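Structure, as structure tokens:
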Amino acid sequence: MNRDHSITTALTAWFRVKARVLPWRTIERDPWRSLVSEFMLQQTQVDRVIEKFEPFLSLFPTPEALARASQDDVLAAWAGLGYYRRARNLHAAATSIADRFGGSVPTSVDDLLTLPGVGRYTAGAIMSLVHHEPEPIVDGNVRRVLLRLDGEDLPDAPATDRRVWSRAGALVSESGHPAAFNEGLMELGALICTPRSPKCPECPLVAMCRAHDAGTQEDIPRPKKRPNRKELFGAALIVRDDTGRLLIRRRPDVGLWAGMWEAPTLEQESHPPSAEEVSAWCGAAATPLSLRFIHQTTHRIVHFEGWTAESAPALADGRAVSGEEIGRLGISNAQRRLLRLAEVLPEA
DNA sequence: AAGTCGGGGAT
DNA sequence: ATCCCAGACTT
């Protein structure tokens with residue numbers, strides 16, 4: 001009875017009893033539902049995904065259905081989840097599945113890796129959780145659990161990740177139950193072996209945990225290096241035509257909030273746009289509204305200020321829409337907040 | 001190896 | 001405030 005065998009046995013037994021009921025955890029896993037869930041779950045907590053999952057699948061129940069959809073409809077269904085490139089990648093992946101794989105999600109790591117937005121983690125998740133193949137997966141949870149389990153106080157570096165992937169591969173092969181073991185590792189990281197204040201007394205692996213033996217579980221893994229957030233200043237222009245429709249436009253297809261709709265916003269990194277700058281940009285005399293807020297993302301601190309003008313002759317790429325139409329477009333949470341404060345959209 | 005890409009929960 | 005989250009991709 002070696003140590004790895006004790007680990008895999010205890011973990012799979014725990015998972016079979018303690019696993020949460022989640023929309024994508026059906027008895028027989030559906031490949032498309034699983035792929036959608038994995039895209040949504042990238043860098044996103046389970047609770048955030050649950051509310052978006054079924055509505056998205058109702059709109060796009062198959063790869064072909066998503067492949068046929070417009071980019072606007074896809075982004076609208078994704079709105080609020082963040083990391084919108086995932087939605088565009090999933091859309092492109094669906095097209096590829098329809099065109100190159102006969103409408104079925106590929107069933108090998110190599111084929112899965114050809115899909116845009118599918119990396120080593122997602123490919124391994126489909127192979128192990130859906131097809132019960134002993135492919136390793138390493139996400140943030142697995143990384144933390146395995147480093148603590150082996151008591152490895154290693155730096156945040158690629159060499160550490162290579163070690164963790166190797167360890168995950170050895171364990172999933174040993175387990176004999178790739179799905180329950182891999183998903184169990186993630187579930188343990190989400191529920192018990194949490195970043196701070198892990199619930200070691202409730203952990204099925206406490207007897208095998210070297211970090212717990214040494215009392216270093218709170219110090220492992222070492223914090224990731226994170227760059228300082230850059231500031232951004234946005235002047236958002238609220239302009240209505242004579243029928244009360246609002247001027248909006250679609251953002252470029254790269255960068256922040258790519259492809260999402262917005263009230264036209266002048267963005268600068270150096271300083272808040274002045275009245276002269278906003279006026280020159282929109283081609284009319286602009287005046288500030290008493291509407292300011294700060295929106296924070298992982299890498300940005302965005303200072304929004306609302307402005308208005310009679311018209312915007314210099315903004316040729318816009319389009320006028322009614323309040324009702326706005327509600328159906330793909331709009332970031334930042335712009336939704338702006339439009340609520342400007343009383344274009346109703347409160348909450 | 002570092003930077004970019006959202007938004008919100010936990011502490 | 002800070003850290004993190006069922007990561008992937010670009011530079």
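Rule-based calculations on the coordinates, nothing more; no lab input. Bear in mind the structure is a predicted one, so any value in this text is a computation, not a measurement. Backbone-built Cβ (ideal geometry, glycine too); neighbour counts: all protein chains shown.
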Original post:
Under the Karplus relation 6.51 cos²θ - 1.76 cosθ + 1.60, θ = phi - 60°, what is the ordered set of whole-Hz ³J(HN,Hα) values for segment A:214-228, x standing for Gly and Pro?
Top reply: 8, x, 9, 4, 6, 9, 10, x, 5, x, 6, 5, 10, x, 5
Original post:
Using the scaling law 2.2 N^0.38 Å as the reference, what is the normalised Cα Rg of segment A:84-160?
Top reply: 1.32
Original post:
Helix A:85-100: angle to the longest alpha-carbon principal axis of chain A, degrees 0 to 90, nearest 10?
Top reply: 70 degrees
Subject >> Inter-probe distance in nm under a simple model that places probes 7 Å from Cα toward Cβ, at A:E324 and A:R245 >> reply: 1.3 nm
Original post:
Quick one: if you stick a label point 7 Å off each Cα along the C-beta vector at A:R292 and A:E51, how many nm between them?
Top reply: 2.9 nm
Subject >> Gain upon complete extension [A:S197, A:R68; 0.36 nm per residue less C-alpha separation] >> reply: 41.8 nm
Original post:
Given N residues in segment A:225-304, what is Rg(Cα) / (2.2 N^0.38 Å)?
Top reply: 1.19
Subject >> Förster-model FRET efficiency, 51 Å R0, A:R85 and A:H5, C-beta, rounded to 0.05 >> reply: 0.80
**OP:** Quick one: check the C-alpha center-to-center distance for segment A:49-113 versus segment A:1-18, whole angstrom.
**Re:** 34 Å
Original post:
When ranked by the protection proxy of mean other Cβ atoms within 10 Å per residue, highest first, what sequence do the peptides A:217-225, A:262-270 form?
Top reply: A:262-270, A:217-225
**OP:** Return the ratio Rg/(2.2 N^0.38 Å) for chain A, where Rg is computed over Cα atoms only.
**Re:** 1.17
**OP:** Report the extension gain between A:E276 and A:S58 in nm, rounded to one decimal, defined as 0.36 nm multiplied by the number of residues separating them, less their alpha carbon distance.
**Re:** 73.7 nm
Subject >> Point-to-point label distance, A:R162-A:Q43, nm (Cα→Cβ direction, 7 Å offset) >> reply: 2.4 nm
Original post:
Working from the pairwise distances between different alpha carbons, so that the mean of 1/r is found and then inverted, what is segment A:1-127's Kirkwood radius in Å?
Top reply: 15.6 Å
Subject >> Distance between segment A:125-191 and segment A:309-332 - C-alpha centres, whole angstrom >> reply: 46 Å
